[in-house]
Amino acid sequence: MNASVRPRDRVPFESRIAMGREEAAGALGISRNLFNSMVDDGRMPPPRVVNGRRLWDVDEVRAAFRAIPRDGEAASAPSNINPWDDV
């Protein structure tokens, strides 16, 4: 196997349990800056830290995305409540 291939590149995306910031933003189809803002305001979960590397749980990002109201739907919780505070 090619030594320059990173371990994360060998695992199909749908089988992964964690991803970095760029990958998480890319999975949502948004910029890194918008993803950072969504983490800061609680619409996306905070990362887990593994040896200094920040990683986002794929299932948590999916759940957070699904919790965002669709166009025309009202938000289910006030915007000042961070649902990830209790995680």
If I ask for residues that are open to solvent by less than 100 Å² (accessible area, probe 1.4 Å) and outside any helix (DSSP H, G or I), which ones from the stretch 57-72 would you list? 57, 68, 69, 72
Selection count where residues are exposed (fewer than 14 other Cβ atoms within 10 Å of the Cβ) and in a loop (DSSP other than H, G, I, E, B), scope the stretch 29-56: 5
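For the stretch 5-18, indicate whether the set of residues that are part of a loop (DSSP other than H, G, I, E, B), basic (Lys, Arg) and at pLDDT below 80 is non-empty.
Start the filter on the stretch 5-18 by keeping residues that are part of a loop (DSSP other than H, G, I, E, B), which leaves 5-6, 11-12, 16-17.
Now drop any that are not basic (Lys, Arg), which leaves 6, 16.
Those still in the list that are at pLDDT below 80 too: 6.
Yes, the stretch 5-18 contains at least one residue that is part of a loop (DSSP other than H, G, I, E, B), basic (Lys, Arg) and at pLDDT below 80.
The values are calculated or read from the model by the stated rules, or taken from the named source; none is laboratory data. It should be emphasised that the depicted structure is a prediction, and the values quoted were computed from it without experimental measurement. Neighbour counts are summed over all protein chains in view; Cβ atoms, including those assigned to glycine, are modelled from backbone coordinates with ideal geometry. Each accessible area value is taken on the protein alone, full model and side chains, heavy atoms only, with ligands, DNA and RNA left out. Shrake-Rupley method; radii C 1.70, N 1.55, O 1.52, S 1.80 Å.
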